[in-house]
1. Could you give the longest part of chain B that holds none of the GluC sites (Glu not before Pro) found in DSSP loops with at most 16 neighbouring Cβ atoms within 10 Å?
2. So what's the range A:74-164 giving for Cα Rg divided by 2.2 N^0.38 Å, two decimals?
3. Kindly provide the helix-only [θ] at 222 nm of chain B, computed as the sum of -39,500 (n - 2.57) over DSSP H runs of four or more divided by all residues, to the nearest 500 deg cm²/dmol?
4. Helix by helix through chain B, keep the DSSP H runs that span 24 Å or more along the axis on Cα and average at least -0.5 on Kyte-Doolittle, and give those back in order.
5. Bin all alpha-carbon pair distances of the range B:147-188 at 10 Å intervals from 0 and give each bin's fraction as a whole percent.
6. Using Stokes-Einstein with the Kirkwood hydrodynamic radius over Cα pairs, what translational diffusion coefficient do you get for the range B:32-123 at 37 °C and a viscosity of 0.692 mPa s, in µm²/s rounded to a whole number?
7. For the range A:1-39, list residues with backbone N below 12 Å from a point placed 7 Å from the Cα of A:H45 toward its Cβ?
8. Please report how far the C-alpha centroid of the range A:150-164 lies from that of the range A:29-51, rounded to the nearest whole angstrom.
Number of protein chains: 2
Amino acid sequence: MARKIVERGDAIPVLAEIFREHGFAGASLSEITERTGLGKGSLYHYFPDGKEEMAKAVLDDVAGWFETNVFVPLRESEDPDAGIDHMFKAVIRFFHSGRRICLVGTFALDDTRDRFASEVQSYFAAWTRVLAAALKRSGLNTKAARETAEDVVAGIQGALVLARSQDDPGVFTRAIKRLHQRTKVTHRD
Amino acid sequence: MARKIVERGDAIPVLAEIFREHGFAGASLSEITERTGLGKGSLYHYFPDGKEEMAKAVLDDVAGWFETNVFVPLRESEDPDAGIDHMFKAVIRFFHSGRRICLVGTFALDDTRDRFASEVQSYFAAWTRVLAAALKRSGLNTKAARETAEDVVAGIQGALVLARSQDDPGVFTRAIKRLHQRTKVTHRD
DNA sequence: GTCTATAAAGCGATAGAC
DNA sequence: GTCTATCGCTTTATAGAC
């Protein structure tokens, strides 16, 4: 079951899942040693600053994933709509169709945000900015593009909350479909 | 500064704020005794089951607030749009214009949800259901009403996440305005 | 690099005096 | 009802052998 941890990087996905499940405060080193299979010695060898450094590494990893799988396609697709299609597909995959929550979103809500303020801030700022640029290229004016981008990014976060509250991933996938649809409709006002 | 705690009910708002700031796992009894001004003796006298009972009391209080200030107006306004207007005003007030996060939303995201599954579930289910009924009365068909209600409730949650991530309440208030607008526009498809 | 042992502090919760 | 003292446990983190 548990994949072998042979280097620092192998631990990151496991750490990410633990932080998602328990939040930063609720994630304990004892569970981390258990699920990574690394003793405290190894853990502090790889992450000298302990839990905080582990969370930073996870946030870095998430940022990298979004850069590669969401932002680059959004920026570089010749057809902006294709980039947006790609984003929604990546988002569904990343959040396991609504069964997995957004780590950065959880961190944003409680006082964990203050610990990782710049990481949390730039994750959502980058996402909104890059999506707005794609929407603008697809024909929206500057204001409509920014507003729609905020609505979509917030809508995704809210859909994750709602889906988990109902223990029903369908809430997420249906919300995503509607958000996707809204990016295709030309502004009418 | 700190209001005097003379009975159990007086402690609830303080507890609510502490859980909002730190989440369930991050809220410590030492901070709770400090900020409520109640010693552990009094605390366990009022809440024999400790932290879990405190959180339950807070969730109860939140549910009651929404029942009175959101659900009743949504159900009983002769003009459904007036009820919806009332809801958005109440929401802005409750979440301090985006400076305060949703306790139930935070609880929904990590494993705290499992502890308070039914409270978390019914909070969002009730909100969505009552709002959908109002939207239907205002002219939307059943499906559109349910979808719009989900989009609005999720949109509010997401806007809280986004606003806090950017440390900018304006993100919340602007998103609320757009969500409110969407409930007024007749369905066009 | 990885382990075990351990430190020092904080945790939630309880007991019992008043 | 409120307090202090304390229990037993877990926490993060460190030290030092291998």
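1. Looking at chain B, B:79-189 is the longest stretch - no exposed GluC sites (Glu not before Pro) with at most 16 other Cβ atoms within 10 Å.
2. This ratio for the range A:74-164 stands at 1.13.
3. Result for chain B, helices only: -24000 deg cm²/dmol.
4. For chain B, where a helix must reach 24 Å along its axis and average at least -0.5, the hits are B:117-137, B:142-165.
5. In order of increasing distance, the bins hold 31, 49, 18, 2 percent.
6. 218 µm²/s
7. What the label zone holds, given the 12 Å backbone N cut-off, is A:6-8, A:38-39.
8. The range A:150-164 and the range A:29-51 have Cα centres spaced 32 Å from each other.
Here, each number is a calculation from the coordinates, and none is a lab measurement. These figures come from a predicted structure and were not determined experimentally. In this analysis, Cβ positions are derived from the backbone assuming ideal geometry, glycine residues included, and neighbour counts consider all displayed protein chains.
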